[in-house]
1. Looking at region 265-280 only, could you name the residues that are more than 19 Å from ILE197 (Cβ to Cβ) and assigned to a strand (DSSP E or B)?
2. Among the residues of region 296-319 satisfying the criterion of being on the phi < 0 side of the Ramachandran plot, touching a residue at least 40 places away in the same chain (Cβ under 8 Å) and assigned to a helix (DSSP H, G or I), which is most open to solvent (accessible area, probe 1.4 Å)?
3. Could you tell me which of the residues ARG80, ARG92 is touching a Phe, Trp or Tyr at 6+ places or on another chain (Cβ under 9 Å), modelled with pLDDT of 95 or more and open to solvent by 50 Å² or more (accessible area, probe 1.4 Å)?
4. How many residues does region 324-346 hold that are of a type in the set (A, V, I, L, M, F, W, C) and over 18 Å from TYR217 (Cβ atoms)?
5. Looking at this structure, is VAL32 open to solvent by less than 80 Å² (accessible area, probe 1.4 Å), of a type in the set (Val, Ile, Thr), farther than 23 Å from ARG115 by Cα and at pLDDT below 80?
6. In region 267-296, what residues are more than 18 Å from the chain's Cα centre (by Cα) and under 18 Å from GLY126 (Cα atoms)?
7. From the residues in region 58-77 that are assigned to a loop (DSSP other than H, G, I, E, B) and aliphatic (A, V, I, L, M), which one is modelled with the lowest pLDDT?
8. Restricting to region 233-259, give me the number of residues that are in contact with an Asp or Glu (Cβ under 9 Å, 6 or more places away or on another chain), without any contact (Cβ under 8 Å) to a residue 24 or more places away in the chain and surrounded by 15 or more Cβ atoms within 10 Å (Cβ to Cβ).
Amino acid sequence: MRCGLNSPSINPFALRRTEFENLIRVCGSRDVKDLHYFQQLFWMGHSAAVWDCRAATEITKDWNGIDQIVLRNPRGALARVSLHGAQVTSWRNEHGEELLFTSSKAIFKAPKAIRGGIPICFPQFGTCGSLELHGFARNRMWFIDDNPPPLPANDSIGKSFVDLLLKSSEEDMKCWPHSFEFRLRVSLTTDGDLNLISRVRNINGKPFSFSFAYHTYLLVSDISEIRIEGLETLDYLDNLLQKERFTEQGDAITFESEVDRVYLSSPNIIAVLDHERKRTFVMRKEGLPDVAVWNPWDKKAKSMVDMGDEEYKQMLCVDGAVFEKPVILKPGEEWTGRLQLSVVASSFCSERLGLDRDGL
């Protein structure tokens, strides 16, 4: 008897290797298309969730005893996500090369935020409200969400991922009196791309507003050799000049001194070119109209207790953000913000991306 591999009673994503081999043997399929299809589903899909893909997703502890989730793909790429702040603390390519900056003086212990990786700035980005700098989400302990509301299938297939959850606590309500649920999915694709999907739901009885950012610390060779393309001709707010508004005049952004800007109404694809390493970070985003760019340079770096004096040379923050026009959610409404980071193994102009500038 031959059973169909496309049968709805068979869930290939939940199968282990031995189950896969046994099913093929029992089904007795000799159809090459069936075998190839099923093998693709197995290798791409068995990294579906924490409880369903132990080979690709692992829960460990950092040196402070805080749980962290390790995501892997079949080619050897890796990402680490701490439950402290739901923060991605490491993203490595298939060669084991780190792609995110973390300061050697970073403090991995609450209530101090981790200096590096990708902190989640919510419900406030920067100092644009009455809360602590960048809000409280990056300083809270999150939980693994084993039963999240569904996302589209293409946000699961071929990716190892974890879903994390933060709900408003009594402590949070004292400084920000709104009930919310914040769900974050972090995933690693078979190509090594890093994806973050944030969903914020208002479970309050009244509307609330918030600003937001993925505060992304990229690891670069030398800040003086870095070039950002995709933000030219845009208006920006300069945080070094009391948020005064200017228009970008250069054909690209380069760095010779401290920069702390928010570029407004930006395209959904940004390129960060690292000439020395001959690689380009490509940032694609949705629901994040603004882009913040920050490097503290030497003077400010020396004043930061969790940053080495010379480490500013190896870091650059390029953040997908909501800043100028905060999100307003009515009761029961949900907002989604997506970020995808990929690396191209050569430096090139953004015109050669060959992609729709609308992003994801």
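1. Selection gives ALA271, VAL272, LEU273, ASP274, ARG279, THR280.
2. Out of the qualifying residues, it is LYS299.
3. Among ARG80, ARG92, only ARG80 is touching a Phe, Trp or Tyr at 6+ places or on another chain (Cβ under 9 Å), modelled with pLDDT of 95 or more and open to solvent by 50 Å² or more (accessible area, probe 1.4 Å).
4. So the count comes out to 6.
5. Taking the combined requirement at face value, the residue does not satisfy it.
6. ASN295, PRO296
7. Top of the filtered list is ILE66.
8. 1
The values are calculated or read from the model by the stated rules, or taken from the named source; none is laboratory data. Given the structure is predicted, the values throughout are model-derived calculations rather than measurements. Note that we place each Cβ from the backbone using ideal geometry, even for glycine, and neighbour counts take in every protein chain shown. The area values use the complete protein model at the heavy-atom level, side chains included, leaving out ligands, DNA and RNA. Shrake-Rupley method; radii C 1.70, N 1.55, O 1.52, S 1.80 Å.
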